[in-house]
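Taking it in order: structure first as structure tokens, then the write-up.
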Amino acid sequence: MVSSFSFAPFVFLLLVIGGTARPLYPLPGKGDGGSKRPLQTFRPYNIAHRGSNGEIPEETRQAYLRAIEEGADFIETDILSSKDGVLICFHDVTLDETTDIAEFKEFANRNRTYEVQGVNMTGFFTVDFTLKELKSLRVNQRFSFRDPQYNGKFQIITFEEFINIALDAPRVVGIYPEIKNPVKWSDGKRFEDKFVETLKKYGYKGSYLSKDWLKQPAFIQSFAPTSLVYVSNQTELPKLLLIDEVDIPTQDTNQASNSYWEITSDTYLDYIKQYVIGIGPWKDTIVPVTKSYVTNPSDLVERAHARNLQVHPYTYRNENEYLYFNFSQDPYKEYDYWINKIGVDGLFTDFTGSLHNFQEWTSPNPRDDKIESELLHKIALLVSPYE
């Protein structure tokens, strides 16, 4: 029979454990005295590529809200301009593939042909439509094999609306905007000027991991090195150089475009590290693929890390056609390979939830370790008088 004397501390111990159980896993935004839960920095960043667009049409409010709900560290977007100079969140320079523009007879005469990165392209270009006109359109899924139930339901959003989605999140969520196909307005102002002005307007500032940056985290990305060099004189926010396929030149408009081999050379990495904190290569350029099997990785990650540059590859997708045979069509095996063997520092994914689940299940959380250590210390103090 257990005596009441020995049973009392045991009951009290259960109450202590029960009382501390919820703070181990606080609700979003409820940790640290009611302040927002901070950005995690102890493991590779989960970057929601155009939102959780594997589920919901890309770059819409709903796609970003889903990504935040699923655990994204950063929400990513492409920035283009409307005819009336408003910065919008949209990937393609044309509206044809991911909106219902074809259903609007009143816009039929807006079809144009422009030269884009040295190639003539025909379609309905975002720069030929005012924000009001763009808001009348609805966004569709890019890929036919993805859930079509949300097609035609959600609007194009502005850069400012995108920022407010992150700022209104119940925990600290970073933004990851891309300077895309930069233009120059008639008043002489550059696209990059307006882009940085918008970030400053909403309080985004500070170098990587500074107090200001941790409060409102942001990475600036671009395929155009000259754009990144230009904005480096306007903001300390960390920047990443995006790197496309091996046969596609950079997106520069002010100088001769550089080839893949030039911008991944040791000489160029030594140059660009003065302006950027990392690189964002297409993942198949890091680990070449042959007949749907990944082959031996290149030394790009190793060389970047030797220069203290982060590596954030793109794009990770759950569908079988994007999962190479080495991974048994299992996205968790692919994440394990890239995080634990290749050693990347962030991942652009269309499926934020699956990456978040993988990391929650496989990586220790230093914050939880600290709480558990403190709890064990309390238990030891409680038990010691009765030993």
Discussion item. Amide H of residue 154 versus every other amide H placed in the peptide plane: which residues, excluding those fewer than 5 positions away on the same chain, fall under 5 Å?
Written reply: 139
Worksheet item: Can you pick out the pairs among 83/273; 239/341; 135/189; 215/333; 153/201; 180/201 whose Cα atoms lie more than 28 Å from each other?
Response: 83/273; 215/333; 153/201
Discussion item. Using only the Cα atoms of region 214-371, what semi-axes does the equivalent ellipsoid have when each is the square root of 5 times a gyration tensor eigenvalue? Give whole Å, largest first.
Written reply: 27, 21, 14
Practice prompt. Determine, from the Cβ-Cβ distance of residue 336 and residue 69 and an R0 of 22 Å, the FRET efficiency 1/(1 + (r/R0)^6), rounded to the nearest 0.05.
Written response: 0.35
Worksheet item: How do 261, 282 line up, fewest other C-beta atoms within 10 Å first?
Response: 261, 282
Item to complete: Arrange 231, 116 by Cβ neighbour counts within 10 Å, fewest through most, would you?
Response: 116, 231
Worksheet item: What is the spread of the Cα atoms of region 266-317 along each of their three principal axes, largest first, in whole Å?
Response: 38, 21, 14
Worksheet item: On average over all directions, what projected area in square nanometres does region 321-363 have, based on the convex hull of its Cα atoms?
Response: 3.1 nm²
Worksheet entry | trypsin sites (Lys or Arg not before Pro) restricted to region 131-162 and DSSP loop, no more than 13 other C-beta within 10 Å | 153
Worksheet item: How much length, in nm to one decimal, is gained on full extension between residue 296 and residue 320, taken as 0.36 nm per residue of separation minus their Cα-Cα distance?
Response: 6.5 nm
Worksheet, complete the sentence: Here the gain from full extension of residue 303 to residue 232, 0.36 nm per residue of separation minus their alpha-carbon distance, amounts to 23.3 nm
Discussion item. Counting just the Cα atoms, what span does region 39-111 cover along each of its three principal axes? Round to the nearest Å and put the largest first.
Written reply: 52, 25, 15
Worksheet, complete the sentence: The exposure ranking of 245, 161, fewest beta-carbon neighbours within 10 Å first, is 245, 161
Worksheet item: Between residue 114 and residue 42, what is the label-to-label distance in nm when each label sits 7 Å out along the Cα-to-Cβ direction?
Response: 4.7 nm
Item to complete: Note down the nm distance, to one decimal, between modelled labels 7 Å out along Cα→Cβ at residue 246 and at residue 84.
Response: 4.8 nm
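Values in this text are rule-based calculations from the coordinates and carry no lab data. It should be emphasised that the depicted structure is a prediction, and the values quoted were computed from it without experimental measurement. No Cβ is skipped: glycine too gets one built from the backbone with ideal geometry, and neighbour counts run over all protein chains shown.
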